[in-house]
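Just below is one structure, and these are the notes that go with it.
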Amino acid sequence: MKLCQYLLACMTHCLPFVLAACTSSSPSSSPGQQATDTTQPTFTTPQQAAQQGKQDLLDILRMHPETALGITDTGLLSRSAPGQPIPQEVLDFQQLLTTDSAVSFSQFRREQAHTLVPLMADGRLVTIVTLASENDQWKVSALAGKAMSDDLQVVLQAASRYMRTGEPVRISLVEVPNLQARLFVVEVNDTEMVFTPYNGFSLREAVPVAAVVRVLHRDAVEFQKQYGDQLKRARLTE
């Protein structure tokens, strides 16, 4: 039963965000967010919850070795430890429609949907554990999202070129509703850099926030022109 729950969570978690353009984005209503299993134990820190996720994943792979989930070395997984938690946030689409210039994503309203915790071993990203939180309690929401893990590994390698040796990498993942944009925002020396595959950008090259915001704003305005009225009518008939 646990295997089925986690496989469903992983598949659902990887679906892109498609939110109504005429409403504020809410993690609770996003189809990219998997509702957490209320039977899962809760923990007081994300690291403790990630350790539980790691053990659950090891149990699943032990009982069902044919279910690789993108993990080729269970020994590496066994040696892994939780890394720096990564908040996964949803950008306010309405604010993006009226904002064509920004130097930091802190200038935007954002709602936290999940927290991603990378499991690291020997300097490598093994996989990720996705957590949900409520009332300062953390629980496992999904395991081993391979596409997300692959993207994050690329970003970690690319971001290391800008970091001093031993300096922790501070990353947040920003999702833009309706545009299906996924932005890895890395903070270096109090400056934010963006790594994203969106619209011609690259996960391997840092881009200034201002350049990304200009493109996002342009595309958001175009989306609203094409689909805003249609989505508004659909919402009124629900």
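The values are calculated or read from the model by the stated rules, or taken from the named source; none is laboratory data. All values reported here derive from a predicted model rather than from experimental measurement. Backbone-built Cβ (ideal geometry, glycine too); neighbour counts: all protein chains shown.
Filter the range 190-214 down to the residues that are surrounded by fewer than 16 Cβ atoms within 10 Å (Cβ to Cβ), modelled with pLDDT of 95 or more and outside any helix (DSSP H, G or I) and list them by number.
Correct list: Pro197, Ser202, Arg204, Glu205, Pro208.
Kindly indicate whether any position in the range 160-167 is within 30 Å of Val117 (Cβ to Cβ), within 21 Å of the chain's Cα centre (by Cα) and in a loop (DSSP other than H, G, I, E, B). Break it down stepwise before answering.
Filtering the range 160-167 for residues within 30 Å of Val117 (Cβ to Cβ) gives 160-167.
Next cut, within 21 Å of the chain's Cα centre (by Cα) only: 160.
Next, only the ones that are in a loop (DSSP other than H, G, I, E, B) stay: none.
No: the range 160-167 contains no residue that is within 30 Å of Val117 (Cβ to Cβ), within 21 Å of the chain's Cα centre (by Cα) and in a loop (DSSP other than H, G, I, E, B).
Quick check on Leu61: is it modelled with pLDDT of 90 or more, among the aliphatic types (A, V, I, L, M) and under 20 Å from the mean Cα position of the chain (by Cα)?
no
Applying the selection to the range 170-189, what residues are surrounded by 21 or more Cβ atoms within 10 Å (Cβ to Cβ) and either among the aromatic types (Phe, Trp, Tyr) or more than 23 Å from Val117 (Cβ to Cβ) (or both)?
Pro177, Asn178, Leu179, Phe184
Determine, yes or no, whether Arg182 is part of a strand (DSSP E or B), basic (Lys, Arg) and either within 30 Å of Gly228 (Cα to Cα) or more than 12 Å from the chain's Cα centre (by Cα) (or both).
It is true that Arg182 is part of a strand (DSSP E or B), basic (Lys, Arg) and either within 30 Å of Gly228 (Cα to Cα) or more than 12 Å from the chain's Cα centre (by Cα) (or both).
I'm told Pro118 meets every condition in (1) within 15 Å of Leu183 (Cα to Cα); (2) in a strand (DSSP E or B) except one. Can you identify the failing condition by its number?
(1)
Looking at (1) on the phi > 0 side of the Ramachandran plot; (2) assigned to a strand (DSSP E or B), which is the only condition Glu187 fails?
That leaves (1) as the condition not met.
Quick check: anything in the range 215-226 over 23 Å from the mean Cα position of the chain (by Cα) and buried (at least 17 other Cβ atoms within 10 Å of the Cβ)?
Scanning the range 215-226 turns up at least one residue that is over 23 Å from the mean Cα position of the chain (by Cα) and buried (at least 17 other Cβ atoms within 10 Å of the Cβ).
With Val117, Val155 as the choices, which residue is within 14 Å of the chain's Cα centre (by Cα), at pLDDT 95 or above and within 19 Å of Val209 (Cβ to Cβ)? Can you show your working first?
On the way: Val117 fails: within 19 Å of Val209 (Cβ to Cβ).
None of the others qualify; the one that does is Val155.
Can you find, within the range 140-173, the residue that is nearest to Arg110 (Cα to Cα) among those that are touching a Leu at 6+ places or on another chain (Cβ under 8 Å) and polar (S, T, N, Q)?
Ser141
Determine, yes or no, whether Gln34 is at pLDDT below 75, in contact with a His (Cβ under 6 Å, 6 or more places away or on another chain) and either part of a helix (DSSP H, G or I) or surrounded by 19 or more Cβ atoms within 10 Å (Cβ to Cβ) (or both).
Taking the combined requirement at face value, the residue satisfies it.
Among the residues of the range 55-81, which ones are aliphatic (A, V, I, L, M), in contact (Cβ under 8 Å) with a residue 60 or more places away in the chain, surrounded by 15 or more Cβ atoms within 10 Å (Cβ to Cβ) and in a helix (DSSP H, G or I)? I'd like the intermediate steps shown before the answer.
Taking the range 55-81 and keeping what is aliphatic (A, V, I, L, M), we get 57-58, 60-61, 63, 68-69, 71, 76-77, 81.
With the extra rule that they be in contact (Cβ under 8 Å) with a residue 60 or more places away in the chain, the set shrinks to 57, 60, 63, 69, 71.
Next, only the ones that are surrounded by 15 or more Cβ atoms within 10 Å (Cβ to Cβ) stay: 57, 60, 69, 71.
Once the filter is applied, which keeps residues that are aliphatic (A, V, I, L, M), in contact (Cβ under 8 Å) with a residue 60 or more places away in the chain, surrounded by 15 or more Cβ atoms within 10 Å (Cβ to Cβ) and in a helix (DSSP H, G or I), the range 55-81 yields Leu57, Ile60.
Does Arg164 satisfy the criteria of being without any contact (Cβ under 8 Å) to a residue 60 or more places away in the chain, more than 17 Å from Ser101 (Cβ to Cβ) and charged (D, E, K, R)?
Yes, satisfied.
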